[in-house]
């Protein structure tokens, strides 16, 4: 026996003394620090962007309420009811228009963001706006193109605006026939650009921009000192999930990794986006990561040295043992391991050699018993078939005797005696296929005495006729085809038997023109052949299938399909001698 502190105990202790503190210290520190820093950076940037988006949404939402509030104003509602009876306005109409203009101006100046309010009456064909430069035709073309709600309009010459349009009553873009009047609020995009500039001044490392994914690179608002080329390249590559309100992405641009943060404006549907180089914010943690990797590399070097040291002490004996076990797996029970005098595995290897010797003796005894048992099973399965066939023949003779058909009785007796002269020779469990075909021929001739309409054709190559097969392999299949196929259909009469050899596989096809079976019925029949024999199932096909498996292996047996003749197609399959 080995001592308490043997080599394995010492090695395990040494390994864990190095492994546990180093791996735990660096992996835990690196993982926690990286996760914490990334979380803090993400939260900080998203909070900053959310604060700015909230300010944009607050102001934009307030401006969006202006058309709604004006729509409920009594003067505006009264203005809607005016219709021109002539090209000239009366004093009341002029006074109403002035009051409406005053309402628009007061409403527009109540917001900290510069904005414009416009009102168009379809009945008067009149446009009233806080911007006296607005053109009626340009206004109508613009609102009819973009429709109701929020829109972004690029008017050229670095002048872009966000507009909120209200039709009363509501009508889709494209015409004013069913609309009484149109209210529109516009604010310049420079309001948002000023906020972006203020955000960048407060945190100089940022480069925020306002962006609409649905419009591509044509809808971008930059801060005053933005790197526009980098922003456009970034937008061309990233894909912001449309179903997320905010989040972060990692993107590589010009071989440099960036953290991209985004928050969606609920009012405008745009995204406020900011990006920062990952290396700038993760520099300290990356350095810590490098230390971790260096320490891990050193640890691996120590492990390699330890493995090299124990190779001759542990690895070689284990290799010998594995090689010996594989020899046993491959059936070589005579192999023995040579043992070195001072090996720590001496006891184990000696026990292995003793075990291999006992297994070798046991396998030889079991193998002999298995051979005898398999021979007995084959004889028992064959013995089940002969009484079954004899019962059918005697039943036929009994029926013919009752009908006083002496010629049929004599013919049946002749063929039956011829059949049993061959089947009672149990000393040979295998016979040439030709002898089995002779039995089938006798059986079919017997059956033709009962059923004059029966026709059959046997087409077996000469090469197959000389092959040896177990007794009574084909006859039960033919009997099943007649009883369950041809007999069940009045106009059925054809039975076809043919053989072939394909790639070392012998196949005998038995087909008839009866009713056949459905796919489900064929599947259930195949399952019964694989199951143990029971009282509810006939033994004919089951015995044939099981004897083929015992004789030739699991790939042999019976298979079922539909026949070209219309009935069931049974295939008897086994390996050609020399192939199994």
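Give me the number: length gained by fully extending residue 562 to residue 248, i.e. 0.36 nm times residue separation minus the C-alpha to C-alpha distance, one decimal in nm.
106.8 nm
Given R0 = 51 Å, the distance between the Cβ atoms of residue 523 and residue 399 translates into a calculated FRET efficiency of 0.90. Exposure proxy for 494, 412, 451: other Cβ atoms within 10 Å of each Cβ, ordered fewest to most, give 451, 494, 412.
Annotation for residue 145 and residue 318: the two label points, set 7 Å from Cα along the Cα-Cβ direction, are 7.7 nm apart. Length gained on full extension, residue 483 to residue 198: 92.9 nm, using 0.36 nm per residue less the C-alpha separation. Against the compact-protein benchmark of 2.2 N^0.38 Å, the Cα-based radius of gyration of the range 486-561 scales to 1.23. Net length available on complete extension from residue 78 to residue 111 is 9.4 nm, with 0.36 nm assigned per residue and the Cα-Cα distance removed. Scattering from the range 271-327 was approximated by placing one identical point on each alpha carbon and applying the Debye formula without solvent; log10 I(q)/I(0) at 0.14 1/Å stands at -0.64. The alpha-carbon atoms of the range 90-170, seen along their principal axes, cover 41, 29, 24 angstrom, with the largest extent given first.
Read-outs: derived from the displayed coordinates by stated rules, not from any lab. As the structure is a computational prediction, the values presented were derived from the model and not from experiment. No Cβ is skipped: glycine too gets one built from the backbone with ideal geometry, and neighbour counts run over all protein chains shown.
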